[in-house]
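Have a look at the structure below, then the notes.
The values are calculated or read from the model by the stated rules, or taken from the named source; none is laboratory data. What you see is a predicted model; the values in this text were computed from it and never measured. With ideal geometry, Cβ positions are generated from the backbone for all residues, glycine too; neighbour counts draw on all protein chains shown.
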Amino acid sequence: MFNAFLILAGCQLIGELVREGLGLSVPGPVIGMFLLALALGLHGPIDAGLQRMADGLIGLMGLFFVPAGVGIIAEADLLRREWLPISVALVASTCLSLWVTGLVMHHTLPPAGRKAAQ
Amino acid sequence: MINALQHLWAPLASTPLLWLVVTMAAFFCGRAVQAACKGSPIANPVLVAILLVAALLIATGTPYGRYFSGAQFIHFLLGPATVALAVPLVKNRGYLRRNLRSIGLALLAGSLTSIVSGVLIVKALGGTSEVALSMAPKAVTTPIAMAVSQQIGGVPALTAALAILGGVVAAITGQTLLRRFAVEDWRAHGLAAGVAGSGVASAQVAARNELGAAFAAVGIGLNGLLTALVAPLLAAML
């Protein structure tokens, strides 16, 4: 449990250091994710503790978005002035991107091994 | 009675613990609502929690800064959780390797669609360029979206909210929308959720299918990289 969290937070820290050192615009946690994927890919089977910790954190990921999401109330003035372009663009652009990504996957994936979404 | 409540509230409201517990309780309520709606994506727990907490802050006149000083401990866990996405990524690397061409094409198409359509729709409806630029990186995971928004001249706080609400939109519409176009494959659902709705939409898919979770993780990671690279270029052109 503790080791697993240390690995995750450690990868994040290394990711932050890489970002600072190379002046990248990609955030540290994303660099950390790729570094951990690389390390796990080379290392072989995934440790059971790390698997449990990852399952737990990913299962609660929604919770971790709440504090930043509540930040919307600090932008109330901007929202009141431009609610129409903001809401239409947010919904339309998100659905469009979702649809395009899904359709391109659908038409380029090899049919063998398709798994039905339930 | 009200006086007594205020006596209790005033010292509590300035401690981090109160807002930590409020945030978790709100998310717990969100989950309970979703369970009561038989897992319906419309009852998104993140959205329910945000609405509950926002209503409480407005009702009690608590500034967002004071709330965040407590809730930041939850916010902090986004980092390790993002790193943890490496685990489903690695477990399903065989599938990913076999579908590399599809992933590359779909990522490029979906990512560019999101940035370009977001900016153009805001401008077409008379929004300011400040809002248009805040909209550009909204599909990527919140920390990346905020960094990109800052870089291209948007409002990072607005982008953070858009990134999460966009994720809520993708989580709510994703499965229905894609199935209407006969897209049933979890790999397509997962990647689309990751590219168009980052973490929130991925959470919706990940709770249902592990292969979908792996493709969602790839979508989040690669779209974050791609958007960080191309959004500044596109923003200068549009």
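Observations
- Any hit, the stretch B:198-214, residues being surrounded by 24 or more Cβ atoms within 10 Å (Cβ to Cβ), in contact with a His (Cβ under 8 Å, 6 or more places away or on another chain) and under 15 Å from A:Val100 (Cα atoms): no
- Selection status of A:Val88, β-branched (Val, Ile, Thr), at the interface with chain B (Cβ under 7 Å from one of its Cβ atoms) and under 20 Å from the mean Cα position of the chain (by Cα): no
- Remark: pairs (first residue in the stretch B:42-68, of a type in the set (D, E, K, R); second residue assigned to a helix (DSSP H, G or I); Cβ separation under 8 Å; 6+ apart in sequence or on different chains) = B:Arg66/B:Ala13; B:Arg66/B:Trp19.
- Test for B:Thr159: is it more than 8 Å from chain A (Cβ to nearest Cβ), without any contact (Cβ under 8 Å) to a residue 40 or more places away in the chain and assigned to a helix (DSSP H, G or I): yes
- Taken over the stretch B:1-34, the criterion of being in contact with a helix residue (DSSP H, G or I) (Cβ under 9 Å, 6 or more places away or on another chain) and free of Cβ contacts under 8 Å to residues at least 24 places away in the same chain is satisfied by B:Leu12, B:Val21, B:Ala25, B:Phe27, B:Phe28, B:Cys29, B:Gly30, B:Arg31, B:Ala32, B:Val33, B:Gln34.
- Residue in the stretch B:40-52 that is over 21 Å from B:Gly174 (Cβ atoms) and either assigned to a loop (DSSP other than H, G, I, E, B) or at pLDDT 90 or above (or both) present: yes
- Test result for A:Leu79, surrounded by fewer than 21 Cβ atoms within 10 Å (Cβ to Cβ) and over 28 Å from B:Arg66 (Cβ atoms): no
- Helices (runs of 4 or more DSSP H) contained entirely in the stretch B:76-149, each with at least 2 residues that are surrounded by fewer than 18 Cβ atoms within 10 Å (Cβ to Cβ) and more than 7 Å from chain A (Cβ to nearest Cβ): B:93-98, B:100-124, B:129-135
- From A:Gly69, A:Gly15, residue being crowded, with 17+ Cβ neighbours inside 10 Å and modelled with pLDDT under 90: A:Gly69
- For B:Ala182, the stated conditions hold: it is in a loop (DSSP other than H, G, I, E, B) and surrounded by fewer than 23 Cβ atoms within 10 Å (Cβ to Cβ).
- Check on B:Val195, at the interface with chain A (Cβ under 9 Å from one of its Cβ atoms) and surrounded by fewer than 24 Cβ atoms within 10 Å (Cβ to Cβ): no
- All positions within the stretch A:44-80 that are more than 7 Å from every other protein chain (Cβ to nearest Cβ) and not in a helix (DSSP H, G or I): A:Gly44, A:Pro45, A:Asp47, A:Leu60
- Count of the stretch B:155-173 residues, restricted to those that are at pLDDT below 90, over 12 Å from A:Leu90 (Cβ atoms) and buried (at least 24 other Cβ atoms within 10 Å of the Cβ), is 1.
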